[in-house]
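Beneath this line is the structure, given in structure tokens, with notes to follow.
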Amino acid sequence: MLWAILMFNHFSLIIFLLISITFSISSVATTFYPIDYEDSRKEFRKVAKRLSMTHPDLIYNFFKVPSRIDSDLTTDYIYIPAKKMTEKLLIITSGVHGVETFTSSAIQQMFLNEILPTVDLNKMGLLMIHSLNPYGFKYKRRVTENNVDLNRNFILERGPFKDPNDKYQTFRDFLNPPEKLSIGFFSKISHIVKTLFYSIRYGRPAFRQAILQGQYSYEKGIYFGGKVNEPQVSLLKHLLLTTAGPYKEVFAIDLHTGYGKRGTCHFFGLGKNVKSNTDIIEKVFKGYKIDGGQEGNFYTTTGDFPRFVEQILKNKKTVVMTFEYGTLDSQTTLGAIESLRRSSVENQGVQFGYDSKDDQNKSIKDFLDMFNPPDPKWREKVLTDSRKIFPNVIKNFLAY
Ligand SMILES: [Zn+2]
């Protein structure tokens, strides 16, 4: 009997240990993912405080993002100046699209905890900006409180705000049905059929361009770029100009999720029609494939953050790159249609209400799954890939 109890206890212990090990392995990978906006900001502030012990010259600060409903929305940042020579500056930004910050802030946490201690800061400074669109992060929207896609709002001259984007008007009611949201089998099929119809009738590149370029006239619609700049634009312009001031070369990485092959990090450059330091980009991203950017079969956008960085830092050598971690295989036709459906449905619900609580829950879940997949394997892969990519491209940036 005693033998049986002892055996049982040993067996239980082994099972317990196995469960603990499995749990700790999976939780190591996902620890950096925050529960919500407040949790993410708290952790960012915590790491800033801890890093200031080893980097006494570290500057931590934040700016408030004004809101009609929330007085506690901030964009926080850490700046560590180069120790010896102000030659190169690395900028890493998260949360241009609010709901994508779950993942991008996890990458920033991983970077600050694991990669930063291995980086040579003698001639390179670091500016890390957390949550550029805190409203979107907190309220789980891609856009700002004004329904503005911040990545279509970084505009330095008035012109684009007056652009009606006539082509968008053709698809306006299809993209933004002005009625309560009801999600069912038939509405999904109808969406697929209509998308295919428009793609065939107008051509896929033209259809995609009309939608994704951004529009500045319909405030309740998707890809609305605003009527004026959002408050972040001038705040960020000031921060970038003052911080980058003494440096000669700047490497800016803007973190996103949602576009591309599931679990893969895609790199989007600025493309050929923008002044761009192609030779440096090739050196920094040696061995990596740079996707579309603003050329070829990809679409062009107005008011995007990378171009804004390059424009305001035009007297410097700049490498600006968007890192996109794919979720829904949106590079495929079906993936692209489903991505568009989820974006359109989420906006419709917010703007015009829901037929039922069930429709609301479904729409929110689909939207979150698209930008912040809960799958531990996806989350782990994002961090594992980032652990290889970041040291590599930084090493190349320091060496060229
Ligand atoms: Zn994004």
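Here, each number is a calculation from the coordinates, and none is a lab measurement. The structure presented is a predicted model; accordingly, all values stated were derived computationally and were not measured. In this analysis, Cβ positions are derived from the backbone assuming ideal geometry, glycine residues included, and neighbour counts consider all displayed protein chains.
Descriptive notes on the structure:
- Per-residue ³J(HN,Hα) for the stretch 277-285, Karplus 6.51 cos²θ - 1.76 cosθ + 1.60, θ = phi - 60°, Hz, x for Gly and Pro: 8, 3, 5, 5, 4, 4, 6, 5, 9
- Centre separation in Å (Cα based) which lies between the stretch 115-194 and the stretch 332-352: 12
- If only the Cβ of Lys and Arg carry +1 and only the Cβ of Asp and Glu carry -1, the dipole of the chain around its Cα centre is close to 680 debye.
- Net charge of Cβ neighbours under 13 Å - reference residue 35; Lys, Arg +1; Asp, Glu -1: 0
- In this structure the amide hydrogen of residue 259, modeled in the peptide plane, comes within under 5 Å of the amide hydrogens of 325, 327, none closer than 5 places in sequence on its chain.
- In order along the stretch 124-130, the phi-based Karplus estimate (6.51 cos²θ - 1.76 cosθ + 1.60, θ = phi - 60°) of 3J(HN,Hα) comes to 10, x, 10, 10, 10, 10, 9 Hz; Gly and Pro are listed as x.
- The distance between label points at residue 227 and residue 68 comes to 1.1 nm (points 7 Å beyond Cα on the Cα→Cβ vector).
- Rel. contact order, % - alpha carbon contacts under 8 angstrom, at least six apart, the stretch 187-256: 13
- Cα-based shape type of the chain, given that a ≥ b ≥ c are square roots of the gyration tensor eigenvalues and the cut on a/c is 1.5: oblate
- Computed over neighbours whose Cβ is under 11 Å from that of residue 255, the net charge equals -3, Lys and Arg +1, Asp and Glu -1.
- Simple spin-label estimate for residue 170 and residue 193 in nanometres, 7 Å along Cα-Cβ: 2.1
- 5 Å binning of all Cα-Cα separations within the stretch 225-266, expressed as whole percents from 0 upward: 5, 15, 14, 17, 15, 17, 14, 2
- Legend: ranking of residues 182, 71, 344 from fewest to most surrounding C-beta atoms inside 10 Å; resulting order 71, 182, 344.
- Exposed GluC sites (Glu not before Pro) absent: longest stretch of the chain, with sites in DSSP loops and at most 14 other Cβ within 10 Å deemed exposed: 1-156
- Residue 142 long-range amide H proximity, modeled H, under 5 Å: 99
- Length gained when the stretch residue 377-residue 278 is fully extended (0.36 nm per residue, less Cα-Cα span): 32.2 nm
- Backbone phi angles across the stretch 217-234, fed through the Karplus curve with coefficients 6.51, -1.76 and 1.60 (θ = phi - 60°), yield HN-Hα couplings of 10, 10, 5, 8, x, 6, 6, 7, x, x, 9, 9, 5, 5, x, 4, 4, 6 Hz in residue order; Gly and Pro are listed as x.
- Listing 357, 220 from fewest to most neighbouring C-beta atoms within 10 Å gives 357, 220.
- Cβ-Cβ FRET estimate between residue 332 and residue 123, R0 fixed at 56 Å, reported to 0.05: 0.85
- Each of 212, 197, 267 was scored by the projection of its Cα onto the charge dipole of the stretch 161-276, and the greatest displacement toward the positive side belongs to 197; charges sit on the C-beta of Lys, Arg, Asp and Glu.
- Taking a Cβ cut-off of under 10 Å around residue 181, the surrounding Lys, Arg, Asp and Glu residues balance to a net charge of -2, with basic ones at +1 and acidic ones at -1.
- Cα centre as origin, Lys/Arg/Asp/Glu Cβ charges: the stretch 44-90 dipole, Debye: 160
- Summary value for the chain: 20 percent relative contact order, contacts being C-alpha pairs under 8 angstrom separated by 6+ residues.
- Theoretical FRET efficiency, 1/(1+(r/R0)^6), r = Cβ-Cβ of residue 38 and residue 364, R0 22 Å, to 0.05: 0.75
- Look at 50, 341 and count the other Cβ atoms within 10 Å of each Cβ; fewest to most, that gives 50, 341.
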